[in-house]
Number of protein chains: 2
Amino acid sequence: MYNKLNTCELTPRKDIENRIRHLQAEMAKQGISFSIILHNVGLFYFTGSIQRGVLFIPVDGEPIYMVEKNMERASIETPLKMTPIRNNRDAREILHDKLNNRNICGMELDVLPVLVFEKWKTLLGMDNIVDISPTVRQLRMVKSAFEIDQIRHSGRIVSQVFVKAGEIVRANAKEVDIAAMLEAEGRMLGHQGFLRMRGLNQEMLNIYITHGYSGTIFSGCDVPISGFGVTHAIAQGPSIQVLQQDMPILIDYGGGYNGYITDETRVYVIGTLKEIFKKAYDTAREIIDDAAAFGRVGVDATEIYGRALRLARRAHLEDHFMGYGKGKVSFIGHGLGLEINEWPVITAKHHTVLQEGMVFAYEPKFIFPGEGAIGIEVDFIVRKNGLERVTDSPVDIHYL
Amino acid sequence: MYNKLNTCELTPRKDIENRIRHLQAEMAKQGISFSIILHNVGLFYFTGSIQRGVLFIPVDGEPIYMVEKNMERASIETPLKMTPIRNNRDAREILHDKLNNRNICGMELDVLPVLVFEKWKTLLGMDNIVDISPTVRQLRMVKSAFEIDQIRHSGRIVSQVFVKAGEIVRANAKEVDIAAMLEAEGRMLGHQGFLRMRGLNQEMLNIYITHGYSGTIFSGCDVPISGFGVTHAIAQGPSIQVLQQDMPILIDYGGGYNGYITDETRVYVIGTLKEIFKKAYDTAREIIDDAAAFGRVGVDATEIYGRALRLARRAHLEDHFMGYGKGKVSFIGHGLGLEINEWPVITAKHHTVLQEGMVFAYEPKFIFPGEGAIGIEVDFIVRKNGLERVTDSPVDIHYL
């Protein structure tokens, strides 16, 4: 029954073993005795299964996946050694003789709520708990062949949804209605249902359709364009605004397949476009082509950001690049994987030397207050000789 | 433009003022000098606006909403005094002369990540920070007339989606395809896009369609039925299983309107039902009718749970009630509001005396391993003389 219903590939044993070995090597360097993983994404990454449980990874030797429920499902999904537990106290019993008060414990403190942390401090009877999250995020930044396969599958959902958009986007439809239909289309094509974004208040929709006014306002989210939403209680996403002719309509859609996220944006136009939008679109395209040609293993992410900014400047579009005024964001790209805000971040702010197998979304966008927004977003895989597109979905404007 | 696009009602000034006054009264009792609210749901509840910002609530006097972005939008939405900030350091400057090291600060430590907490401890230069979340959750448990209106609107989306389900559920369709279509329907009817659930790893879909096998397996989530999902990377939600005749199909759908969540479940059957399912359904219905007649202001939630359990026992269905084996959950109802796991919880474990204006989902469900699951979920508002249904959607089995 399981194999009939879960047609997604399980994480290969080799991948799980590699991930744990690399984490252990980093832990050894940092003097960490063991890590306790509690966050869903961490559990999935290191075990291959998301169940209610606790993952114990010692700096040497075998990890233990302590599973509260559901053992049966977890045992199909993870190659790791498992132990059933009823609650956290059982976990303590199991760990009791493995710990001493000279130990240093690693936990993902960027996502772990204070009260959960305090409970674990008491359970473990230790104070010396350090943040393992930068190490985990570093590790996750480079994707295996298996992961790239999942990302490509995720990207195929995106490509198909963009084709469907060309069929159904029409004047006078509400942004949110078109979004609803495309979201349903994606789900029927195998979309996992939602996208994960790491951190406090990082809320996320699967699809953003914006045009004119809704493309120019900025929300509290750390993205250049996030729409108006249908209520101030969410304050992002497609709105009830009806689609106008002669205006760039931006569709920003996140694929999600077997945990892995892709994220691309295309422009749809009913009618024609003003010169300013055409110019900005051509610049966005130039920025993408330039990155694809220049980016490769060994290049620093800040250089890619710098080149994009120079191209925007040369087109006299700097003020509109990646937002306007207080809505400006400081990055042009973000890593993709199990979460939509992975590393590397393509920004002037942080140096990251690109490595084979990194995957990131690259999104040159221009916002013109009082007018609208335009831009493109494509996903790249870092290779020795350049950046490779995740999808083969054309980036041309869809004139309808 | 704002009013044209946001057709949802803003939170009335009176509600915001009441909420803050009540929080301040509780803070005074607990000796808390001020609270700092950073979590989206808390920001929305106390300000009426979700923007990137920091809410400072002193035990006496006026709160300050410090907004990083977007001030323009926030100024329409909140009646509170606002101050623009560029970052948290600006917030510190503003708060500097209001604080001293004898102060006790309240924060929502059940949702605040450790690293964010540590940063704020440093910013405020203080160690004495206590958890304000039980107080906030207590406050939010009783809904105002305005909130009940939003919940009723949210419930109307649910009722309409259940009608639509009666039109589109058909044999040999995939659970996930029907789910996708119904989710789109809800979105076009005004659904806000996603549902909020409080706490670590509390991931949530808008709709669950399960039947047969998929209704009987249990996930890591703290719910009796959450489905198989389309991938083990999510491990919950509708699956690719195709709908069978003569089997209860459960549709569990969460409405979301203007922030407020409703959550009901209905049964659809293509053909006929086995006796065991009919009996369990009748028992579920009896449990609901009993609660509606017995529940009212002043009744303890544990009594309601106890009565439900006795009815399940009387029908010799105790083993199947609210899960089976390790999949059993200990509650039959959960509070509704801005989050889907609000208080009161209807369980034997915690005493809560029902008060006028509490709202909760009540979900007697029975799981038969190897067979399937059946049950009903309706939302109730607590009134002086009984429990009032949120929707008027009939609970009968939809025979198709």
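Taken together, the values in this text are just the output of simple stated rules run on the coordinates, not laboratory data. Treat the numbers as computed from the prediction; the structure is a model and nothing was measured. Every residue, glycine as well, gets a Cβ built from its backbone with ideal geometry; the counts of neighbours run over all protein chains shown.
Which distances, shortest first and in nm, link B:Lys14 to the matching position in the other copies, using label points set 7 Å out along Cα to C-beta?
B:Lys14 label point versus its equivalents elsewhere: 6.8 nm.
Is there a quick way to get the dipole size of the range A:2-139? I mean about its Cα centre, with the Cβ of Lys and Arg at +1 and of Asp and Glu at -1; what is the value in debye to the nearest 20?
Rounded to the nearest 20 debye, it is 200 debye.
If I model a spin label at B:Arg389 and B:Lys328 as a point 7 Å from the Cα along the Cα→Cβ vector, what separation in nanometres do I get?
A separation of 3.1 nm, rounded to one decimal place.
Quick one: what are the phi-derived ³J(HN,Hα) couplings along the range B:189-206, Karplus 6.51/-1.76/1.60 with θ = phi - 60°, whole Hz, x for glycine and proline?
Couplings: 8, x, 4, 6, x, 8, 10, 9, 10, 8, x, 4, 6, 7, 9, 8, 9, 6 Hz.
Of A:Tyr253, A:Thr272, A:Met188, whose Cα points farthest to the positive end of the dipole of the range A:142-399 (charges on the beta-carbon: +1 Lys, Arg; -1 Asp, Glu; origin at the Cα centre)?
Farthest along the dipole direction, towards plus: A:Thr272.
What trypsin sites (Lys or Arg not before Pro) in the range A:1-60 are in a loop by DSSP, with at most 10 other Cβ atoms within 10 Å of the Cβ?
Here no loop site has a sparse enough neighbourhood.
Which of the pairs A:Lys69/B:Lys143; A:Lys274/A:Lys328; B:Lys278/B:Lys328; A:Lys326/B:Lys4; A:Lys349/B:Lys81 have their Cα atoms more than 28 Å apart in this structure?
As for pairs spanning more than 28 Å Cα to Cα, those are A:Lys69/B:Lys143; A:Lys349/B:Lys81.
Nearest beta-carbon of A to the rotation axis carrying it onto B: which residue, how many whole Å?
Closest to the axis: A:Ala184, 2.
Please give the charge dipole size of the range A:69-209, origin at the Cα centre, charges +1 on K and R Cβ atoms and -1 on D and E Cβ atoms. Round to the nearest 20 debye.
Dipole size: approximately 240 debye.
Give a quick list of GluC sites (Glu not before Pro) in the range B:1-107 that DSSP marks as loop, anything other than H, G, I, E or B, with at most 13 other Cβ atoms within 10 Å.
Answer in residue order: B:Glu9.
Roughly how many nanometres apart are two label points built 7 Å out from the Cα toward the Cβ at B:Arg310 and B:Ile276?
Once both label points are built, they end up 2.8 nm from each other.
For the range B:2-139, what log10 I(q)/I(0) values come out of the Debye formula at q = 0.15, 0.19, 0.20, 0.22 1/Å, with one point per alpha carbon and no solvent?
Debye curve over Cα of the range B:2-139, log10 I(q)/I(0) at q = 0.15, 0.19, 0.20, 0.22 Å⁻¹: -0.70, -1.14, -1.26, -1.53.
For the range B:183-252 and the range A:318-365, what is the separation of their Cα centres, given in Å?
Cα centroid to Cα centroid, the span is 33 Å.
Loop-only trypsin sites (Lys or Arg not before Pro) in the range B:364-400, please: DSSP not H, G, I, E or B, and at most 10 other Cβ atoms within 10 Å.
B:Lys384
Amide H to amide H under 5 Å from A:Thr391: which residues, 5+ apart in sequence or cross-chain, H placed 1.01 Å off N in plane?
The list, which skips near neighbours in sequence, is A:Asp379.
Say the dipole of the protein assembly as shown comes from +1 at the beta carbon of Lys and Arg and -1 at that of Asp and Glu; which of B:Ile85, A:Asn201, B:Leu243 then lies farthest toward its positive end?
Farthest along the dipole direction, towards plus: B:Ile85.
Starting at the first residue of the range B:256-272, write each ³J(HN,Hα) from the Karplus equation 6.51 cos²θ - 1.76 cosθ + 1.60 with θ = phi - 60°, in whole Hz, x for Gly and Pro.
These are the phi-based 3J(HN,Hα) values: x, 9, 6, x, 9, 9, 10, 7, 10, 10, 10, 10, 10, 9, 9, x, 10 Hz.
Scanning chain B for helices, which whole DSSP H stretches are 30 Å or more long along the axis (Cα) and average 1.6 or more by Kyte-Doolittle?
Long hydrophobic helices here: none detected.
When the Karplus curve 6.51 cos²θ - 1.76 cosθ + 1.60 is applied with θ = phi - 60°, which whole-Hz ³J(HN,Hα) does each residue of the range B:388-395 get, with x for Gly and Pro?
After applying 6.51 cos²θ - 1.76 cosθ + 1.60, I find 10, 5, 6, 10, 10, 5, x, 9 Hz.
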